[in-house]
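Report on the following structure.
Quick note: the coordinates plus some simple rules give every number you see, no bench work behind them. Given the structure is predicted, the values throughout are model-derived calculations rather than measurements. For neighbour counting, all protein chains shown are included, and Cβ atoms are generated from backbone atoms with ideal geometry for every residue, glycine included.
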Amino acid sequence: MNISFEGKRVLVTGVGQGIGRNLALHLSKYHATVIGISKTQKHLDSLKAEDPSIITIQVDLCDWSATKKAVESVLPIDMLVNNAGLACLAPFLKATEEEFDLTMNVNVKPIVNVSQIVGADLIKRKVAGTIVNVSSQAGQAAVRDHAIYCASKGAVDMLTKVMAVEFGPHNIRVNSVNPTVVMTAMGKIGWDDPVKARSMIDKIPLGRFAEVEEVVNAIVYLLSDQSSMINGVTLPIDGGFLAT
């Protein structure tokens, strides 16, 4: 595919590590003006050192007001990737209020906050746009010890659909990607144990976890005009896990 984002301003949350960092670097190579948000300044510094063209913003996405101010300061934005996320894993009976609040505050609330700002500005400018939310197969399939995480990603999937319905008439497309396990720092929290990892891999017809670049490529496709009629989709990147 001949993809170029030249002249486009793309905001990516959670660029400090993993999928978000890789995505920011890829989008820059596709000639986008990339604005990356992370809570951790040292991660932003290392990203900036690798690609000085990337604009970095340090903000805690759990802070609604600070996030709103930060995003408004970098408008206009043409494309948005809500990637920031975390996983608090525990059996259902041992899940805590603190873990629930933190998970929803990171995985769900910023999608509403940031997308409201970007979406409203796109509508005001009467410009077509694209939003991609990074969800998970855990939003569509129950995974042991992932009750709160599954709930948060289920919320992301439904937000994606409602946003697609409401933004569609303004020519703003909204989709999500729903990867299986990706062995980023967050992925290792739940699946670093080889025995536990094997229990999941055995349920994936392709017999392996996803690579970061495989998720990034799907996001790039959904951002691009190559997917111009795709809206409201929750796209599995799971090697067939959800098909079984």
ask   = What is the one condition in (1) surrounded by fewer than 16 Cβ atoms within 10 Å (Cβ to Cβ); (2) in contact with a His (Cβ under 9 Å, 6 or more places away or on another chain) that Ile219 does not satisfy?
value = (1)
remark   = Checked pairs for the range 113-124, first in contact (Cβ under 8 Å) with a residue 12 or more places away in the chain, second of a type in the set (S, T, N, Q) and part of a helix (DSSP H, G or I), C-beta under 7 Å and 6 or more apart or across chains, list as Asn113/Thr67; Val114/Thr67
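Results for (1) within 21 Å of the chain's Cα centre (by Cα); (2) surrounded by 17 or more Cβ atoms within 10 Å (Cβ to Cβ); (3) not aliphatic (A, V, I, L, M), shown as yes or no for each residue.
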| site | (1), (2), (3) |
| --- | --- |
| Ala197 | no, yes, no |
| Ile201 | no, yes, no |
| Asp225 | yes, no, yes |
| Ile237 | yes, yes, no |
remark   = Result of the Cβ filter at 7 Å on the range 38-65, keeping first residues that are over 15 Å from Leu23 (Cα atoms) and partners that are of a type in the set (Asp, Glu), at least 6 apart or interchain, is Lys39/Asp60
inquiry  = Residue under question is Ser38, and the condition is that it be among the hydroxyl-bearing types (Ser, Thr, Tyr), under 16 Å from the mean Cα position of the chain (by Cα) and closer than 30 Å to Ala147 by Cα; does it hold?
reply    = yes
note = Log entry, pairs with first residue in the range 83-96 being touching a residue at least 40 places away in the same chain (Cβ under 8 Å) and on the phi < 0 side of the Ramachandran plot, second being outside any helix (DSSP H, G or I) and surrounded by fewer than 19 Cβ atoms within 10 Å (Cβ to Cβ), beta carbons closer than 6 Å, six or more apart or on different chains, reads Leu89/Asp145; Pro91/Asp145
message = For the range 204-216, which positions are surrounded by fewer than 17 Cβ atoms within 10 Å (Cβ to Cβ) and either over 25 Å from Tyr30 (Cβ atoms) or touching a helix residue (DSSP H, G or I) at 6+ places or on another chain (Cβ under 8 Å) (or both)?
response = Pro205, Leu206, Gly207, Arg208, Glu213
key: Hits in the range 1-27 - residues which are in contact with a helix residue (DSSP H, G or I) (Cβ under 6 Å, 6 or more places away or on another chain) and aliphatic (A, V, I, L, M)   = Met1, Val10, Val12, Val15, Ile19, Leu23
query = With (1) under 24 Å from Val59 (Cα atoms); (2) in a helix (DSSP H, G or I); (3) out of contact with any Pro (no Cβ under 8 Å at 6 or more places or on another chain); (4) touching a residue at least 24 places away in the same chain (Cβ under 8 Å) as the list, and Asp157 as the residue in question, which single condition is left unmet?
reply = (1)
remark   = the range 163-244: helices (runs of 4 or more DSSP H) wholly inside it with 3 or more residues that are touching a residue at least 40 places away in the same chain (Cβ under 8 Å) are 185-191, 212-223
message = Take Asn171 and tell me if it is closer than 30 Å to Leu122 by Cα, surrounded by fewer than 17 Cβ atoms within 10 Å (Cβ to Cβ) and of a type in the set (S, T, N, Q).
response = yes
